[in-house]
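Here is the structure we will look at, set down as structure tokens.
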Amino acid sequence: MMKLFITGAIVLVAPLIALAAPSSVTVGLAQVAADPGTIITQIFNFALALAGLLAFLMIVWGGVKYAANPGNSGAQSDAKDRILQAILGLLLLFGSVLVLNTVNPQIMKTPVPPLSAVPVPPSQPITPSSTCSDLSALAATNHVPYPAQADPEITHLLNCVTARAGVGLGSVFTFDQTHDSCNYTRGNPMCDPKGICSHGVGSCHYGGTCGTNGAIAADVGLGSNKLDLASINKVGDAVKVCDPGSFVQLETFGNYSCPSGLSGSFDYCTHAKSPNPNDPNDPSNTHVHMSPSSRCGCN
């Protein structure tokens with residue numbers, strides 16, 4: 001009698017499993033659905049098929065256990081319970097599907113709208129705001145001179161160093177000649193079309209944080225006439241003689257590194273990466289940076 005029950009259960013379950021199996025579920029990246037609704041439907045159908053398969057295996061396992069223990073009433077009773085639970089689970093599962101289809105057949109299709117990509121605008125230069133349209137007014141707001149100029153104190157220091165060092169200083173840069181608007185924002189790149197400044201915010205090249213007479217720093221030894229170590233030391237020593245409270249450092253970039261034998265007059269020697277370390281016109285190459293003792297909130 002039990003064997004007949006098991007056979008009937010298998011015959012009943014097999015068509016249900018075939019009915020639940022999704023017709024379009026495939027494995028492979030090329031078959032992934034393009035919209036979430038289709039993906040959810042496929043997952044649901046696959047779950048139905050998997051549940052049916054598990055129930056079928058449970059029924060088979062229960063039948064094998066029942067047949068393998070003809071004299072063990074406890075084992076046979078446990079096998080019957082497992083078979084009954086599997087059949088009840090199947091009935092509950094497919095009954096819920098039948099109810100859903102009866103109430104609303106469309107609910108099984110999960111009509112989720114497809115996701116659309118968020119458009120990303122191409123990179124565009126920063127458009128200066130109306131605040132930046134009047135650079136003279138911007139300079140007045142930040143208490144810096146317009147047009148950009150060097151503070152008389154750094155000009156005086158440069159003249160003294162030139163006389164005492166006895167070497168040419170090469171190209172000299174005080175205020176920012178590449179990003180003009182930065183001279184009137186104290187280094188804030190808010191008005192520069194590319195959003196960058198040659199120096200940091202509050203740099204002495206922009207008058208520091210509180211200077212009102214223009215750039216109060218200079219970078220010398222730039223361009224094609226770079227200074228050798230002996231000339232660098234002469235410039236550093238001359239800076240400290242001309243203004244003992246001044247700040248002087250050697251700034252090196254890219255392939256150029258801090259040399260040994262640097263004069264003790266230098267406060268620091270720094271090294272960083274330069275975008276064009278071999279370009280003689282790149283002002284970020286090795287150079288001497290100096291600022292007088294009257295500098296305001298900067299070096």
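The values are calculated or read from the model by the stated rules, or taken from the named source; none is laboratory data. Predicted model, so just to flag it, every value in this text is computed and none were measured. As a convention, Cβ positions derive from the backbone with ideal geometry for all residues, glycine included, and neighbour counts pool all protein chains shown.
Here are the numbers for this structure:
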read-out: Unique match (being at pLDDT below 90, on the phi < 0 side of the Ramachandran plot, in contact with a Leu (Cβ under 6 Å, 6 or more places away or on another chain) and not aliphatic (A, V, I, L, M)) among 253, 266; value: 266
read-out: When residues of segment 161-177 are limited to those that are modelled with pLDDT of 90 or more and among the β-branched types (Val, Ile, Thr), the one farthest from residue 292 (Cα to Cα); value: 162
read-out: Test: residue in segment 182-190 that is under 20 Å from residue 231 (Cβ atoms), in the same structural domain as residue 211 (by TED's automatic domain parsing) and touching a Pro at 6+ places or on another chain (Cβ under 9 Å); value: no
read-out: Scope segment 161-204; condition in contact (Cβ under 8 Å) with a residue 40 or more places away in the chain, assigned to a helix (DSSP H, G or I) and buried (at least 22 other Cβ atoms within 10 Å of the Cβ); matching residues; value: 161, 165, 183, 184, 204
